[in-house]
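Report on one structure; see the data block that follows.
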């Protein structure tokens, strides 16, 4: 799809939201198992969705906080490959964290911990700013048209056609003799 065209495709938007949410939770689960799983006897969904696990007063709480921050950094990379547009990064980042808030409310009630709010707002900001910066770098890259133009202008068709093709030119078009020499 070209960047200038904007087609309203709700199924694509829903698919992007679902993919982003699933990748975020897979990454969060991976980091939780890696960092928190070594400190607790049994991992559960409580570490992903209960606000009481994000505390700054224990090492396990700090490991959970680091897991959330690392997952938001990975989410920025997911924005680069799934969303690809700077102007959509805030929308998809906020949607991810709003859905996470609703899941947390259903799982453990309204998050009353200030640490939970700080960690999730920090994660949203990191995901949005880093994802937007990565997408902006990709959008502002130069399109390498000059190389293609020089290949076509010099008659080097073997680059596209292969070496055994009958349409191959061996020299630039300007160096082909025009007629008999006097």
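The values are calculated or read from the model by the stated rules, or taken from the named source; none is laboratory data. Computed from a predicted structure; not experimentally measured. All Cβ positions, glycine included, derive from the backbone under ideal geometry; neighbour counts span all protein chains shown.
A few notes on this one:
- With respect to being surrounded by 19 or more Cβ atoms within 10 Å (Cβ to Cβ) and at pLDDT below 95, residue 143 falls outside the description.
- Filter result for residue 57 (without any contact (Cβ under 8 Å) to a residue 12 or more places away in the chain, farther than 27 Å from residue 114 by Cβ and assigned to a loop (DSSP other than H, G, I, E, B)): no
- With respect to the stated conditions, residue 4 is over 18 Å from residue 130 (Cα atoms), outside the structural domain of residue 130 (by TED's automatic domain parsing) and at pLDDT below 95.
- Residue 65 vs. criteria surrounded by fewer than 18 Cβ atoms within 10 Å (Cβ to Cβ), in a helix (DSSP H, G or I), in the same structural domain as residue 132 (by TED's automatic domain parsing) and touching a residue at least 24 places away in the same chain (Cβ under 8 Å): no
- Residues within segment 104-120 that are within 16 Å of residue 64 (Cβ to Cβ) and in a helix (DSSP H, G or I), tallied: 10
- When 86, 119 are screened for being modelled with pLDDT under 95 and surrounded by 18 or more Cβ atoms within 10 Å (Cβ to Cβ), only 86 passes.
- Residue ID - nearest to the chain's Cα centre (by Cα), chosen from residues in segment 26-48 that are surrounded by fewer than 17 Cβ atoms within 10 Å (Cβ to Cβ) and at pLDDT 95 or above: 26
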